[in-house]
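The values are calculated or read from the model by the stated rules, or taken from the named source; none is laboratory data. All values reported here derive from a predicted model rather than from experimental measurement. Neighbour counts are summed over all protein chains in view; Cβ atoms, including those assigned to glycine, are modelled from backbone coordinates with ideal geometry. Surface accessibility is based on the protein's heavy atoms, side chains included, excluding ligands, DNA and RNA. Shrake-Rupley method; radii C 1.70, N 1.55, O 1.52, S 1.80 Å.
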Amino acid sequence: MKTILITGAAGDVGTHLTRELADKYKLRLSDKRKLKAPKGHAFARADISRMSDALRITKGVDAVVHLGGYSVEGPWEAILQANIIGCYHVFEAARRNGVKRIIFPTSNHAVGFYRRDQTIDHRVYPKPDSRYGVSKVFGEALGSLYADKYGMQVFMIRIGNVNPKPIDKRRLSLWISPRDIAQLVAVGIEHPHVRFEIVYGISKNKRAWYDNANAYRLGYKPQDDSEIYAEEVLAREKPSSDAIAESHQGGVFCTAEAVPNPAAPKKGRRK
Ligand code: 15L
């Protein structure tokens, strides 16, 4: 059985992936925050803004699923530490430890300034909608370099939004169910001929803004479609006066300077 390192494992996506992949792989779950690994799997606490931590956790694994980082728009210093410096540490530590394969969940926000009336595929040039989106483009560029220069096998998933159900109108286009993201990550781990690939992390949504042909070519067969939730989602959607957010794929990331960070410590709790 392959040993897979998941960084940022305490976050939402990490929690879904742990549950969905625990029978298929031996997981090494890593995060800055403490978490309880399920039986038969391991936890390794690490802060990837430190190279020594990145080197320790990438030793002896078959592949890395690098979720760790700052996951929304926010202050440059936080994004710099987590998504630029931390991302570099993970790629470089994997290379030094001889780990060939990296699955890098990038984001729809790397291309969020494409308009909603456009369908884009994996070949479009980046159009980030935020500092966060820029940091994801950095990760994509770094992955491309490590594939071409060092022969690493890099699988980029531009994730939409992982959730048990789509939460609003924008997410009807971007949604991916936990079982579909787990399947797509497994394609990234298992496909025999990955050099550098970009795919979109969405379910088979009728309202998709992406042509996900590259994911289908590599064997992804999504089982879910957000359309079954469309009526209830649209019924509770509040009208918005933000014309830029409404007409671009990245939504409020195109206009906001900060989006609430789901990984932030709750108020009143000590760090
Ligand atoms: C992302 O990239 C974020 O990591 C996630 O928290 C969501 O905000 C998602 O995009 C989204 O666009 O819904």
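Note on K2 and Y216: the extension gain reaches 74.7 nm, defined as 0.36 nm multiplied by sequence separation minus the Cα-Cα distance.
When only the heavy atoms of the protein chains count and the probe is 1.4 Å, how do M1, M156, M51 rank by accessible area, highest first?
Values: M1 160, M156 0, M51 40 Å².
The residues order as M1, M51, M156, largest area first.
Take the Cα of E237, step 7 Å toward its Cβ, do the same at K59, and the gap between the two points is 5.1 nm. Net charge of the neighbourhood of C254, taken over other residues with C-beta under 13 Å away and scored Lys/Arg +1, Asp/Glu -1, is 0. Could you give the size of the charge dipole of segment 30-72 about its Cα centre, using +1 on the Cβ of each K and R and -1 on the Cβ of each D and E, expressed in debye and rounded to the nearest 20? Approximately 240 debye in magnitude. So which trypsin sites (Lys or Arg not before Pro) in segment 1-76 are both in a DSSP loop and have at most 12 other Cβ atoms within 10 Å of their Cβ? Of the trypsin sites (Lys or Arg not before Pro), the ones in loops of segment 1-76 whose Cβ has at most 12 other Cβ atoms within 10 Å are R33, K34, K36, K39.
I want to verify a result. In a Gaussian network model of the chain, Cα cutoff 10 Å, which of these has the top mean-square fluctuation: Q249, Q118, Q183? Ranking Q249, Q118, Q183 by mean-square fluctuation puts Q118 first. Comparing A182, Y210, I198 along the charge dipole axis of the chain, the residue lying farthest to the positive side is A182, per the Cβ-charge model.
For R115 and Y229, a Förster radius of 25 Å and the Cβ-Cβ distance give a FRET efficiency of 0.55, rounded to the nearest 0.05. Y88 sits among other residues whose Cβ lies under 15 Å from its own Cβ, and their net charge, with Lys and Arg +1 and Asp and Glu -1, is +1. Taking a straight line from the alpha carbon of K36, these aspartates and glutamates sit under 18 Å away, with near neighbours fewer than eight places off in the same chain left out: D12, E20, D23, D47. Available extension along the chain between D23 and R123 is 32.6 nm, counting 0.36 nm per residue and deducting the alpha carbon span.
Within segment 132-152, find all residues whose amide N lies under 19 Å from a label point positioned 7 Å from the Cα of R195 along Cα-to-beta-carbon. Flagged as within label range: 140-152. Rolling a 1.4 Å probe over the heavy atoms of the protein chains gives segment 28-182 an accessible area of 41 Å² per residue. Using only side-chain charges placed at the Cβ, +1 for Lys and Arg and -1 for Asp and Glu, the dipole size of the chain relative to its Cα centre rounds to 1180 debye.
3J(HN,Hα) along segment 73-81, derived from phi through the Karplus expression 6.51 cos²θ - 1.76 cosθ + 1.60 where θ = phi - 60°, amounts to 6, x, x, 4, 4, 5, 5, 4, 4 Hz, with x in place of Gly and Pro.
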